[in-house]
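Notes follow the structure.
The values are calculated or read from the model by the stated rules, or taken from the named source; none is laboratory data. Just so you know, these numbers come straight off a predicted model, no measurement behind them. No Cβ is skipped: glycine too gets one built from the backbone with ideal geometry, and neighbour counts run over all protein chains shown.
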């Protein structure tokens, strides 16, 4: 008999079926015992009246994997309106040791560090697995939106000969006797691939040796990277980002609706045109001094409130950040050279995405490095490609864990990461 | 005027349009000049009669990025039956330095090392970019087949506290003062995630400090990993692999048809049921001694010929490899304990995929490690999960670059990898 999933039970009333899953909970009443089985699609209630089967169920432990054959019976008081009656129960594998916290309660009561220490078990809780389902759906939506736009997926090196973003916060390793570093971003490679495919994206791990132990930082996270050529300026990049975000949220709704409901997530609507403010205007709206070089978290919150109040939008573009605060490959605003063609996207008052137009002329790169007093040599392999014809281009990167944390209201990115890596954590 | 792509020209005859791309080639005849523009979708021919525009075209260099506005004119002798006439040409960015090899010839004549040294330019050649388009389509097909089967995508750590597969061939790094290693595979994590989602997959980089400089080995490659729970044995895993392969090849045909044609790839058909041989039978078919512990490349070739001859199949499963040759987490064949529930998939006489059923009882893991004389401690975090209820499960891993190389007939995996990493190569 083919196994069916708990979600399929409602369509099989009256039939004898086989289900399998984890022992989620047992309730041993006087006259009857209830065995709740958890599988990939939800819960199934099994009603045990027979004394021999009851003895078996009494001996079971939570999280043991079992197989149950029984009759699907309608019962309006059962969880999904159906339950399994007259069951036989078979243990798969070995009896489980009870986990260090109860998985059947609505919320995980263990502290976050305890959950992370026991991640393989903690992730079985619907709130933790739900966040990872949202994450998977968001990535699927990211790819679908870009595939529809003619982007090609690429895979680039995660070990590089020189640090890509700045000298700080890199992990060093020994590469067959030579010094090497874990890639902090696929920035240079995605730019080079614009020369091949015009439009590319990558979903992959990036590594930052963050010495700060905060709720927002991970030493490994999943970066959703996009880069496109033949743009007029950063506005073409922002238009793609708008469509990508809409695609991500729509796929989350489609594919992870049940997880969204479990987590009580209020999915935002992406406006057809996301409101935008130039950096200089954003400072005024946030009530910041006009000579501030960057936006502080309090400014971002004020801007989030402004966007909601004035435009009914959870999203806000801030454009034209000062060049001094952006990386050397940033393209300046031709009309206001102290300001950049770079942007941030704020989501509910928090920075979610950074992007912009990049330099595309070899000579401009040399000038930008010289102006910052940085040597050319570490970037030689990257810069050489710009000698051979690169179109105006730009792109952006979304940190997957931050996106999911903000979307689901998680206070810590570690709640939405299966096995986080940080200053203290290298296991499990 | 909105830019259109070269592939759209045939639908716009008589209209004035804007195209943009790279100067692929120029042909300067006496009466007329031809400018061939390459963009993401192919080539566009521009006919230049005007003296001033001709002077501009004469000054252009190959690989410069340009924008052309002209009239779409039917011409049966032009590449796609259309060309652009009465053009204006505008340089985007700076004039390009000519690349170190000609990109407009049908084949790249530079040696592979030279191509790899100049990868950002070499990848622009249709044979190189075509292989990467096949690769992107194969991954898309992999995901689509698994999404349809209820699998959830996961992202797991690429830095681990102990080596996952064996002590050898790992890259060591300094993790905030602690020793750590680049992950050789997501093997343990995907098994743990079976406890959460039942069925999972991951597409991500894996790292092997391969000291061998061969045409088949890379120090970083992209692993397509799958794991599923509640299996009866390895046959359930093989059935999923069969469908995944069919999905990959069908998506390659759908999404990368033009690249398949450019590369002259003969896409194989995946039989509804891939033929299979037990290891002991495979030795006989290959004419190998009955006490051989593994299949040598010559045996694999002989088996490939047998599968084609006897079953008309490019694919062959070999099952039941001896336990001694499989990793410690391999599940033995309950009926023949010296042999495993592990399998390889041969594609045209070469091993393409390794997979099998895994152990799922904590005590079995302890016994397996003891039998091999391996300590438990490095695996403690992984093994602990098996105390808390794990179903019978199994999975497989496909090396993306090997798959694409064999599919496209590339002699070296480096031909189908954008920026390969190996014993000698850490740039670009």
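Go through (1) within 12 Å of chain B (Cβ to nearest Cβ); (2) in contact with a helix residue (DSSP H, G or I) (Cβ under 6 Å, 6 or more places away or on another chain) for residue A:377 and report which single condition fails.
(2)
Quick one: in region B:154-179, of everything that is part of a strand (DSSP E or B) and surrounded by fewer than 23 Cβ atoms within 10 Å (Cβ to Cβ), which residue is farthest from the other protein chains (Cβ to nearest Cβ)?
Our first condition is that a residue be part of a strand (DSSP E or B); within region B:154-179, this holds for B:159-160, B:172-175, B:178-179.
Next, only the ones that are surrounded by fewer than 23 Cβ atoms within 10 Å (Cβ to Cβ) stay: B:159, B:172-175, B:178-179.
Details: B:159: 6, B:172: 6, B:173: 4, B:174: 6, B:175: 6, B:178: 6, B:179: 9 Å.
So, considering only residues that are part of a strand (DSSP E or B) and surrounded by fewer than 23 Cβ atoms within 10 Å (Cβ to Cβ), the one farthest from the other protein chains (Cβ to nearest Cβ) is B:179.
Take the conditions closer than 14 Å to residue B:135 by Cα, within 12 Å of chain A (Cβ to nearest Cβ) and free of Cβ contacts under 8 Å to residues at least 60 places away in the same chain and apply them to residue B:257. Does it pass? Please lay out each step first, then the result.
Working: closer than 14 Å to residue B:135 by Cα: yes; within 12 Å of chain A (Cβ to nearest Cβ): no; free of Cβ contacts under 8 Å to residues at least 60 places away in the same chain: yes.
So residue B:257 fails the test.
Can you confirm whether region A:289-305 contains a residue that is buried (at least 17 other Cβ atoms within 10 Å of the Cβ) and more than 26 Å from the chain's Cα centre (by Cα)?
Within region A:289-305 (the criterion being buried (at least 17 other Cβ atoms within 10 Å of the Cβ) and more than 26 Å from the chain's Cα centre (by Cα)), the answer is no, since none of the residues qualifies.
If we keep just the residues of region A:93-117 that are crowded, with 20+ Cβ neighbours inside 10 Å and either in contact (Cβ under 8 Å) with a residue 60 or more places away in the chain or farther than 22 Å from residue A:26 by Cα (or both), which is farthest from the other protein chains (Cβ to nearest Cβ)?
Across region A:93-117, the extreme among qualifying residues is A:115.
In region A:126-150, which residues are in a loop (DSSP other than H, G, I, E, B) and at the interface with chain B (Cβ under 9 Å from one of its Cβ atoms)?
Matches in region A:126-150: A:150 only.
Helices (runs of 4 or more DSSP H) wholly in region A:313-424 with at least 1 residues that are within 16 Å of the chain's Cα centre (by Cα) and surrounded by 19 or more Cβ atoms within 10 Å (Cβ to Cβ) - which ones?
On the way: elements: A:362-371, A:380-384, A:400-408.
Result: A:400-408.
For the subset of region A:203-232 comprising residues that are touching a residue at least 60 places away in the same chain (Cβ under 8 Å), within 11 Å of another protein chain (Cβ to nearest Cβ) and in a loop (DSSP other than H, G, I, E, B), which member is nearest to residue A:400 (Cα to Cα)?
A:218
Only one of B:200, B:252 is buried (at least 21 other Cβ atoms within 10 Å of the Cβ), within 14 Å of chain A (Cβ to nearest Cβ) and not in a helix (DSSP H, G or I). Can you tell me which? Show your work before the answer.
Numbers: B:252 fails: not in a helix (DSSP H, G or I).
Answer to the check: B:200.
With A:310, A:272 as the choices, which residue is in a helix (DSSP H, G or I) and either at pLDDT 95 or above or touching a strand residue (DSSP E or B) at 6+ places or on another chain (Cβ under 8 Å) (or both)?
Selected residue: A:310, the only one of A:310, A:272 that is in a helix (DSSP H, G or I) and either at pLDDT 95 or above or touching a strand residue (DSSP E or B) at 6+ places or on another chain (Cβ under 8 Å) (or both).
Considering region A:275-288 alone, what residues qualify as being buried (at least 20 other Cβ atoms within 10 Å of the Cβ) and either in contact with a strand residue (DSSP E or B) (Cβ under 7 Å, 6 or more places away or on another chain) or modelled with pLDDT under 95 (or both)?
A:277, A:279, A:282
Do we have any residue at all in region A:187-195 that's touching a helix residue (DSSP H, G or I) at 6+ places or on another chain (Cβ under 6 Å), assigned by TED's automatic domain parsing to the domain that holds residue A:273, buried (at least 20 other Cβ atoms within 10 Å of the Cβ) and in a strand (DSSP E or B)?
So far as region A:187-195 goes, no, none of its residues is touching a helix residue (DSSP H, G or I) at 6+ places or on another chain (Cβ under 6 Å), assigned by TED's automatic domain parsing to the domain that holds residue A:273, buried (at least 20 other Cβ atoms within 10 Å of the Cβ) and in a strand (DSSP E or B).
One residue is enough: does region B:69-86 have a residue meeting the conditions within 14 Å of chain A (Cβ to nearest Cβ) and in a loop (DSSP other than H, G, I, E, B)?
Checked region B:69-86: no residue is within 14 Å of chain A (Cβ to nearest Cβ) and in a loop (DSSP other than H, G, I, E, B).
Of the residues A:17, A:47, A:69, A:23, which is in contact (Cβ under 8 Å) with a residue 40 or more places away in the chain and surrounded by 22 or more Cβ atoms within 10 Å (Cβ to Cβ)? Before the answer, list the steps.
Working: A:17 fails: surrounded by 22 or more Cβ atoms within 10 Å (Cβ to Cβ); A:47 fails: surrounded by 22 or more Cβ atoms within 10 Å (Cβ to Cβ); A:69 fails: surrounded by 22 or more Cβ atoms within 10 Å (Cβ to Cβ).
Within the list A:17, A:47, A:69, A:23, the selection yields A:23.
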